[in-house]
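**Student:** A single structure is presented below for examination.
The values are calculated or read from the model by the stated rules, or taken from the named source; none is laboratory data. In this text the structure is predicted, and so the values were computed from the model without any measurement. Positions of Cβ are backbone-derived with ideal geometry, glycine not excepted, and every protein chain shown enters the neighbour counts. Accessible surface areas use protein heavy atoms only, side chains included; no ligands, DNA or RNA. Shrake-Rupley method; radii C 1.70, N 1.55, O 1.52, S 1.80 Å.
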Amino acid sequence: SIAGSCRLCAVEVDGRPGVQMACTLQASEGMSVTTESTQISDVRKSVLELLLSKFYDAGLSEKETYTSEFKKWVTRYQVGKPSWGVDTPWTNVDADPNPVVFVDMNKCILCTRCVRVCSEVQGSFVWGVSNRGAEAKIVAGADMPMLEAGCESCGLCVQVCPTGALFDRMSLGKGKPEKIVNTTCTYCGVGCQ
C-alpha cells in the first residue's frame, strides 16, 4: 500500500510546485521527474536530520560491518545528529524476549514498513502504531512481547527494517555474511525464495 512515511523519496515533477513524494506519485504519460537536485538534496537532508533527532544506536547490531539502509542515506547526504537530538536510549535496548528477532526501538524512524509487511504480506497483524505525534511508537500487539502478540518469527519485519531496529538475533556479533544466496524457507511450503 502507499504510505509516504519517511519522505526520503522526494522528487521534482515538471509543472508541479515544490517536491513530491515518489512513492505516492501516480506516473503519467510524458511526466518529467527529477530525482536529484539542490532542492531535493536539501529536503532529504532536513528529513534525515529530523529522523536522526530521536535515533539512538547502541551499536549492538552494527558492531561488525553491517550498514543499514538508513545509515547509507545518512552517509550519502553527510547528515549528522542535530545538537538538540537524543543522546541516550529512550527505551530499553533488546526490549523483547523473541528468540529470533532482536528489538531496539531506539533506532526506529516510524517508517511503518514492519507494520505493513506484517499485515499486508504475512497477514499476522503483530506490529502497529501506538500513540500519536511525538509520542508515536511501533509496538507489538497492545504493547506486549512479540510472541504474545501472535508473532510467528517469520523474519519479514527484520528483512524490511531500514535501520536495524528489528534485527536477526542469530546474526548479532557474527560479522558480515561471506555470501548471500536464495533459499527456500523452511517456514512454509510456498517456495517463493
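**Student:** Per residue, how large is the accessible surface of the chain? Use a 1.4 angstrom probe and give square angstrom.
**Tutor:** That works out to 60 Å² for each residue.
**Student:** Return the subset of Lys45/Lys107; Lys72/Lys179; Lys107/Lys137; Lys71/Lys174; Lys107/Lys179; Lys81/Lys179 for which the Cα-Cα distance in this structure is over 22 Å, preserving the input order.
**Tutor:** Check vs 22 Å cut-off fails for Lys107/Lys179; Lys81/Lys179.
**Student:** Still on this model: Can you give me the % of accessible surface on segment 81-193 that is carbon or sulfur? Probe 1.4 Å, all protein chains present, nothing else counted.
**Tutor:** 52
**Student:** On to the next question. Largest first and to the nearest Å, give the Cα extent of segment 134-189 along each principal axis.
**Tutor:** Principal extents (Cα only, largest first): 39, 29, 17 Å.
**Student:** Ok, one more. Mind checking which aspartates and glutamates have their C-alpha under 19 Å from Lys54, skipping anything on the same chain fewer than 8 residues away?
**Tutor:** Glu62, Glu69, Asp87, Asp94, Asp104, Glu135
**Student:** Here's a follow-up. So how do 90-99, 139-148, 164-173 stack up, highest first, on mean other-Cβ count within 10 Å?
**Tutor:** Descending packing order for the listed peptides: 164-173, 139-148, 90-99.
**Student:** Calculate the length of the line joining the C-alpha centroid of segment 131-169 to that of segment 29-50, in whole Å.
**Tutor:** Their Cα centres are 29 Å away from one another.
**Student:** Please give the length that would be gained between Arg132 and Ala22 if that part of the chain were fully extended, namely 0.36 nm times their separation in residues minus their C-alpha to C-alpha distance (nm, one decimal).
**Tutor:** 37.1 nm
**Student:** Angle between the Cα long axis of helix 38-53 and the longest principal axis of the chain, 0 to 90 degrees, nearest 10?
**Tutor:** 30
**Student:** Further question: Give me Rg/Rg_expected for the chain, where Rg uses Cα atoms only and Rg_expected = 2.2 N^0.38 Å with N residues.
**Tutor:** The chain yields a ratio of 1.11.
**Student:** Follow-up. Quick check for me: using +1 on Lys/Arg Cβ and -1 on Asp/Glu Cβ, what's the dipole size of the chain about its Cα centre, in debye to the nearest 20?
**Tutor:** It comes to approximately 260 debye.
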